[in-house]
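Have a look at the structure below, then the notes.
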Amino acid sequence: MTIKQYAVIGLGRFGTSVARRLHEAGQEVLGIDINEERVEDAELYVTHAVVADTTEEKALTSLGIGNFDYVIVAIGNDMQSSILTVSLLKELGIKKVIAKALGKRHGQVLDKVGADWIIYPERDMGERVANQLLSPNMLNYIELSKEYSIEEIMIPSKMAGQNLRDLDLRAKYNVSVIAIVREEDIIIISPSPEQLIEKEDILVMIGYQKDLALFANIE
């Protein structure tokens, strides 16, 4: 895995979760917060942690923020600081700025000041829970657009023992299998048409969300 440099601004629950996971994956992570106590706690799970006010351009430049591949703005409830920080980062030439939005209006402003990727943690988690309640066989998903998703779906028991050619999922359900997860450590990428499906296999599928939802509800 290529090691990249990430800066996470705002070390609340969301920022902490992002920073910890990146660091566990072997990446270089700088944690930044205006709260000294949070910074001290972050020293346990990031490469470096500093106290700084990121609404000040001098503070950002002194951190060498321009050298980072990605900057995640995870500032909590202070929308003004969040927006100003994103604006300054784009002015300083940061190519990839990911920002947490507290709501639709906040997200619209973040988009206008240049955020490259806007995340709505509460909305996205709510949608994930609802989708899993509606489709019990769906284990996980990545939304590619308003219409398309990649989803992990438990194979319906009646399909076990058949190969992908015979199942013909593309023609019957308008979905495509891009990988098969078997047990914990076996992943079959781009499975062939002759690949047999075993009981308890998890299919990684791509397609329209409505088609995936129908497939995920097959008993």
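The values are calculated or read from the model by the stated rules, or taken from the named source; none is laboratory data. Keep in mind it's a predicted model, so treat the numbers as computed, not measured. When we count neighbours, we look across all protein chains shown, and the Cβ atoms used for this are built from the backbone with ideal geometry, even at glycine. Side chains are part of the model used for accessible areas, which takes the heavy atoms of the whole protein and leaves out ligands, DNA and RNA. Shrake-Rupley method; radii C 1.70, N 1.55, O 1.52, S 1.80 Å.
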Checklist entry - Is it the case that E198 is loosely packed, with under 11 Cβ neighbours inside 10 Å, part of a loop (DSSP other than H, G, I, E, B) and modelled with pLDDT of 90 or more? => result no
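Conditions (1) over 22 Å from K95 (Cβ atoms); (2) free of Cβ contacts under 8 Å to residues at least 24 places away in the same chain, marked per residue:
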| residue | (1), (2) |
| --- | --- |
| R21 | no, yes |
| A25 | no, no |
| I32 | no, no |
| V39 | yes, no |
| V46 | no, no |
| A52 | no, yes |
| T55 | no, no |
| G66 | no, no |
| V73 | no, no |
Checklist entry - When you scan the stretch 60-179 for strands (runs of 3 or more DSSP E) that lie fully inside it, which ones turn up with 2 or more residues that are modelled with pLDDT of 85 or more and open to solvent by less than 70 Å² (accessible area, probe 1.4 Å)? => result 70-73, 97-100, 117-119, 148-154
Checklist entry - Quick check: anything in the stretch 204-218 among the aromatic types (F, W, Y), open to solvent by less than 70 Å² (accessible area, probe 1.4 Å) and either touching a residue at least 60 places away in the same chain (Cβ under 8 Å) or part of a strand (DSSP E or B) (or both)? => result yes
Next on the checklist: Given (1) modelled with pLDDT of 90 or more; (2) within 13 Å of M154 (Cα to Cα), identify the lone condition not met by P193.
Outcome noted: (2)
